[in-house]
Amino acid sequence: MAIHGGSGTINRTEITPEEESAFRVGLEAALNAGYAVLKQGGSALDAVEQAVRSLEDNERFNAGKGAVFSASGRHELDASIMCGQTLNAGAVAGVTNVRNPISLARAVMEQSENVFLLGSGAEDFARDQKLPIEPDEYFFTELRYQQLAEAQQANKTQKTQLDHSKRNTGKGTVGAVALDQHGNLAAATSTGGLTNKKYGRVGDTPVIGAGTYANNETCAVSCTGYGEFFIRSVVAYDISCLMAYKGLSLKEACAYVVQDKLNVMGGEGGLIAVDRAGNVELPFNSEGMYRAWRNQMGQGEVAIFA
Ligand code: ASP
């Protein structure tokens, strides 16, 4: 199993030792939540959902509680989940007030005839499914509010909004991938997107094939980074295709997509992936990526910097 808590300009000068240890504790807790499911013989799907829920409930990460603010001062949340055994998938975009968007994505997958629900319709579906709904205050954090103010101030003085080298970062998107004892793979990703996003902007996170993909024949992938590039590169599916059609190993496919293709385009970020044999890859081309993994022998690590 592997999890991530977002990529970006994360270096030792950016976060204090106290913050670093809080991030590590959060990652460890989420990994434990997912790993416990796998250890008890549970499904990869349950494991990734539990891990992502744990990160959504942790206000340090940009998903669920503690998500970044959009330009309208709200939290517009995106999430998706995919089952590698059935190729079933569920996704939601631009939902507000839903406590755990990943569980809503799973409900879309299992309780509706659809794959992708948007905005107020998705929120109605969440209510129908009796999923927990929270007031705006639940999602509020001072740090994210400051980041919105800074982004809005910078936009006033900047001519172009599309600075590809410096995305209006929402560092802290979360995701999980897992292989269970039955040989099934699953992937899940959840985010608040980018700080100060406007016009209903949606990134790669809820786009099946871009930010999230799982297929028992190949691998499970969850991405984080500058979403526009990840959509255009169809990153998660590309990795699976390189394995299926070209016979590349997970390691080769990940290296090619993240260090080669994305880099050439200028797309910053990373991903976590696990293949059907349980090999794990956590490549990124950004300064850092909050990440953790553990294999069936219990070996693994929690890491942040390059
Ligand atoms: N990929 C996310 C998005 O573009 C953001 C991130 O992973 O940091 O919405």
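Pairs LYS65/LYS171; LYS156/LYS198; LYS39/LYS261; LYS171/LYS261; LYS39/LYS65; LYS39/LYS246: which exceed 25 Å Cα-Cα?
LYS39/LYS261; LYS39/LYS65; LYS39/LYS246
Note the direction-averaged projected area, equal to a quarter of the hull surface, for the Cα convex hull of the chain, in nm².
Here the figure is 14.5 nm², rounded to one decimal.
Semi-axes, largest first, in whole Å: what does sqrt of 5 times each Cα gyration tensor eigenvalue give for region 215-281?
The equivalent ellipsoid of region 215-281 has semi-axes of 19, 11, 10 Å.
Taking θ = phi - 60°, what integer Hz values does the Karplus form 6.51 cos²θ - 1.76 cosθ + 1.60 yield along region 2-7, in sequence order, with x for Gly and Pro?
9, 9, 9, x, x, 10
Compare the Cα positions of ILE81, ASN62, GLY42 along the charge dipole of region 1-112 (+1 at Cβ of Lys, Arg; -1 at Cβ of Asp, Glu; about the Cα centre) and return the one farthest towards the positive end.
Farthest towards the positive end: GLY42.
Could you give me the ³J(HN,Hα) list for region 47-54, computed from phi with Karplus coefficients 6.51, -1.76, 1.60 and θ = phi - 60°, whole Hz, x at Gly and Pro?
4, 5, 5, 5, 4, 5, 4, 4
Take MET289, MET297, MET109 and order them by how many other Cβ atoms sit within 10 Å, fewest up front.
MET297, MET109, MET289
What number, rounded to the nearest 500 deg cm²/dmol, is the helix-based mean residue ellipticity at 222 nm of the chain, given -39500 (n - 2.57) per DSSP H run of at least four residues and division by all its residues?
-10000 deg cm²/dmol
Could you list CYS219, CYS83, CYS241 so that the one with the fewest beta carbons within 10 Å of its beta carbon is first and the one with the most is last?
Lowest to highest Cβ neighbour count: CYS241, CYS83, CYS219.
Using just the C-alpha positions of region 20-158 as equal point scatterers, what log10 of I(q)/I(0) does the Debye formula give at each q in 0.12 1/Å?
The computed values of log10 I(q)/I(0) come out as -0.52.
List the extent of the Cα atoms of region 191-306 along each of their three principal axes, largest first, rounded to whole Å.
Largest first, region 191-306 extends 45, 32, 24 Å along its Cα principal axes.
Most exposed first by the Cβ proxy, i.e. fewest other Cβ within 10 Å, how do PHE61, PHE284 rank?
Going from least to most buried by this count: PHE284, PHE61.
We did not get these values from a lab; they are worked out from the coordinates using the rules stated. Fair warning: this is a prediction, and the values are worked out from it, not measured in the lab. Please note: Cβ atoms are built from the backbone with ideal geometry, for glycine as well, and neighbour counts cover all protein chains shown.
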